[in-house]
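Data first, discussion second: the structure below is written as structure tokens.
The values are calculated or read from the model by the stated rules, or taken from the named source; none is laboratory data. In this text, all values refer to a predicted model and were calculated from it rather than measured experimentally. Cβ atoms come from the backbone with ideal geometry, glycine included; neighbour counts cover every protein chain shown.
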Amino acid sequence: MAVAQPISISQRRILYGVNVAVAVVLAAILLTVATWAAGRVGGRVDLSSRGENSLSSRTIQLLRKLEQPITITGLYTTALKEIRPHAEKHKAYVADLLDLYESHARGKVTAALFDPAQKPAQVTELLKRLADKPVYKDEAAPHKAALEASAEMLQAIIELLQSEFNRVRELAQEDERFNRQREVGIIGRNLRSFLDQAQATQQDLTELQTAEVPRYGRAVEVLREFLTNVRAELQRDQEWMSGNGARLEDLTDAARQFLAGARDRYLKLLTEIDQQLAKTQDLKQVKLEQLYDELKGSGTVVVETPTEAEVLAYEDVWPFADRNAPPAPDGDERQFAGEQAVSSAILKLTQKEKTAVLFTRFGGRALLKPDFSQMNPMMMQQPPEAPYGRINELLEKENFVTAEWDVQAQEKPPEVENAARRVYVVFPPEPPPQPNPMQPARTPPMSPEQKQRIFDAVRDSGMALFVLGYRLPRSQFMFMPQPYEYGDYLKQTWGIEALATHLTVQFGPSRDHPELWVPANRPPTVVTTAAFRFTRHAIGQPLQAMPAGLVNAVPLRPLAGESRPAGVQIEPIIEVGANEDVWAFSDINRVQEDLRKKFGTHRYAEDIAAPFALGLAASNEQGQKLVVFGSDGFFSDDMLDARQLMAVSGGLALVQLYPGNADLFLNALNWLTGGVDRIAVGPRRGDVPRLEGLKEGSFADRFCKVFLVGIWPGLALLAGVGVALARRR
């Protein structure tokens, strides 16, 4: 039987050393492969608390629902760093954004970024790819045909102008009376000028049609402009020559014959010009040429589907920062809006059915766009503003179409082209001005017939969003709150009671008088998510972690039992839970008096105690849907632009106070239209700066790669060798 020989000390040292060396080498190889694979495969995890290095949840949902491949190409150059000192930063931001789109789309998005100054061949390849898309391939065919048909006519115009100019010059030399006529001199100069223009137009048309990307649409525009101008000139010339010119005395027979025959010489050509202008009048712009013009600028992003494309200009991705925002630490005057721009382009390309959002009002100022029609330029007036301009811009980016319906001025809702459905956002009627007993009323109140027009439109659409808020009459003598004009409709049709005479306020204990309460917010008419919560309804659940605020909020009460119309289902969206801090009151004069005299107030028996709702969603058996919010100002510019100075990484920044407000409005529209998949499902990217240190190609980037792939494994290997040598002693 064989007996195992004991291992000597030297053999043991060799065995341990080899074991350590192999383990270190394997660990180094494993680390190197993992680092290399991470760089090749990609993938990101955003560990920031506000998700500032991530795409918004709405964009992620959009990408996951894509049914066709998307190609996103960024064209950014740093060759003009002297003119654009932030060019490298802007390029890096776009590169990061494209990586995020590609990683979240699960293979449905292909993204690339290149410098057109360094790689012009890729620009040519991009243009060729766009030209081969079905939407653009044959769109210039009618323009090309029109240009071919106009070639002979343009040559005939040149020959006529040349002939007329030569004959005028000859007659001026032969006939002194003809030469002294002022009109003759003007006609001669104009003929010479239009002859030069005709020849230049002929050359321009040739260059436009033979360019690398033929510009047939632009060529038609150049041709039409010239034909319009030359036709007007020929018409003026022949009218004078065949009229007053032919009746001049003491002319030679040749001169008189030339002037009198102008009508016959010009008639055929003028008729042909009219026919050609009529044929080309309805030709639309060539989309491919528009894309080509937009691609000429530096800093563009091209979003493509297999059939068409959208080009985002530099200003779309990097608009100037809001005038109320503080300057950036690096002095950059622009802010990054890449995600909004790219996602909006994807929506336009992939979702052809659009929803019209009709902001419905009775009187008052324009809501979406400033109305300058009533502004007197001779008076020192403040320019008009639109209180909901921001949400209007956001709706357009989200592929909605917006319009306003002033029921006081229009009997029927405005027609919205290419809209597959309509959603009505119904505002309370503007309260009439306090009447002057010495003057007759100028503005009649809203009639029952006008109210019924709104209700009929809402019924036909099946989708509506009613917003209301606490309002005071325009009177300095009385403080009685106004009832809600559409309250009976909501109560009888949908089983929702709007308590519009009560203002909801968030209170806190007074420091000096703990038994009394004082408003907790500034302004006191705003209640925030510290006082209310979003429910698990599809509209509110995604926003449960987002700050939001309601202004001039009024309670809403769903009717129960037999009081509710049959077949109506009502769910809360926003609720104020049972607490002592929030209540709604109707006597604002009493509260003001308490605060002034007692330095605090308390809840009275007639006040409405929590819990109560501030937002409700309803549906019925006919498939109609309704959303009611007890605040008509939460999505106004004042609320969307409200910001607060906060400490962030890198210094101080004005951070948006109520980032959930815009999403609340958009979520309500998406729920009404059945677009639940487009509802935001989590926190959006915050208004805080992102890390910029590891730009691709920078020293820090190269150092990290070398350190992780080479130095770090080398140090591990060196440590292992050291351990092995130490054990040999």
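How many residues, within region 528-567, are over 13 Å from Ala613 (Cα atoms) and aliphatic (A, V, I, L, M)?
Summing the residues that are over 13 Å from Ala613 (Cα atoms) and aliphatic (A, V, I, L, M) in region 528-567 gives 10.
Could you tell me whether Arg442 is charged (D, E, K, R), modelled with pLDDT under 95 and either surrounded by fewer than 17 Cβ atoms within 10 Å (Cβ to Cβ) or assigned to a loop (DSSP other than H, G, I, E, B) (or both)?
Details: charged (D, E, K, R): yes; modelled with pLDDT under 95: yes; either surrounded by fewer than 17 Cβ atoms within 10 Å (Cβ to Cβ) or assigned to a loop (DSSP other than H, G, I, E, B) (or both): yes.
In short, yes.
Looking at Pro547, Pro542, Pro555, can you tell me which residue is surrounded by 19 or more Cβ atoms within 10 Å (Cβ to Cβ), in the same structural domain as Phe665 (by TED's automatic domain parsing) and under 28 Å from the mean Cα position of the chain (by Cα)?
Sole residue among the options that is surrounded by 19 or more Cβ atoms within 10 Å (Cβ to Cβ), in the same structural domain as Phe665 (by TED's automatic domain parsing) and under 28 Å from the mean Cα position of the chain (by Cα): Pro542.
Tell me yes or no: at least one residue of region 76-99 is modelled with pLDDT of 85 or more, hydroxyl-bearing (Ser, Thr, Tyr) and either loosely packed, with under 13 Cβ neighbours inside 10 Å or under 16 Å from Ala345 (Cβ atoms) (or both).
No; the residues of region 76-99 include none that is modelled with pLDDT of 85 or more, hydroxyl-bearing (Ser, Thr, Tyr) and either loosely packed, with under 13 Cβ neighbours inside 10 Å or under 16 Å from Ala345 (Cβ atoms) (or both).
Mind checking whether some residue in region 473-494 is under 34 Å from the mean Cα position of the chain (by Cα), at pLDDT 95 or above, among the β-branched types (Val, Ile, Thr) and assigned by TED's automatic domain parsing to the domain that holds Val526?
So far as region 473-494 goes, no, none of its residues is under 34 Å from the mean Cα position of the chain (by Cα), at pLDDT 95 or above, among the β-branched types (Val, Ile, Thr) and assigned by TED's automatic domain parsing to the domain that holds Val526.
What are the pairs, 6+ residues apart or on separate chains, where a residue within region 177-193 that is in contact (Cβ under 8 Å) with a residue 12 or more places away in the chain and at negative phi has its Cβ under 9 Å from a residue that is exposed (fewer than 13 other Cβ atoms within 10 Å of the Cβ) and of a type in the set (D, E, K, R)?
Arg177/Glu249; Arg177/Asp250
Give the residues of region 162-212 that are buried (at least 16 other Cβ atoms within 10 Å of the Cβ) and either outside any helix (DSSP H, G or I) or of a type in the set (Asp, Glu) (or both), sorted by residue number.
Matches in region 162-212: Glu164, Asp175, Gln181, Asp204.
For Pro572, work out the one condition from (1) assigned to a loop (DSSP other than H, G, I, E, B); (2) at pLDDT 95 or above it doesn't fulfil.
Failing condition for Pro572: (1).
Specify the residue that is farthest from Leu614 (Cα to Cα); the eligible residues are those in region 575-589 that are part of a strand (DSSP E or B) and not charged (D, E, K, R).
Looking at residues that are part of a strand (DSSP E or B) and not charged (D, E, K, R), I get Phe585.
Among all residue pairs at least 6 apart or on different chains, which show Cβ distances below 6 Å where the first residue, located in region 207-219, is in contact (Cβ under 8 Å) with a residue 12 or more places away in the chain and the second is of a type in the set (Gly, Ala, Ser) and surrounded by 20 or more Cβ atoms within 10 Å (Cβ to Cβ)?
Pairs that qualify, where the first residue is in contact (Cβ under 8 Å) with a residue 12 or more places away in the chain and the partner is of a type in the set (Gly, Ala, Ser) and surrounded by 20 or more Cβ atoms within 10 Å (Cβ to Cβ), are Leu208/Ala219; Gln209/Ala219; Tyr216/Ala140.
Looking at (1) farther than 17 Å from Lys625 by Cα; (2) among the charged types (D, E, K, R); (3) in contact with a Leu (Cβ under 9 Å, 6 or more places away or on another chain), which is the only condition Glu497 fails?
Among (1) farther than 17 Å from Lys625 by Cα; (2) among the charged types (D, E, K, R); (3) in contact with a Leu (Cβ under 9 Å, 6 or more places away or on another chain), the lone unmet condition for Glu497 is (1).
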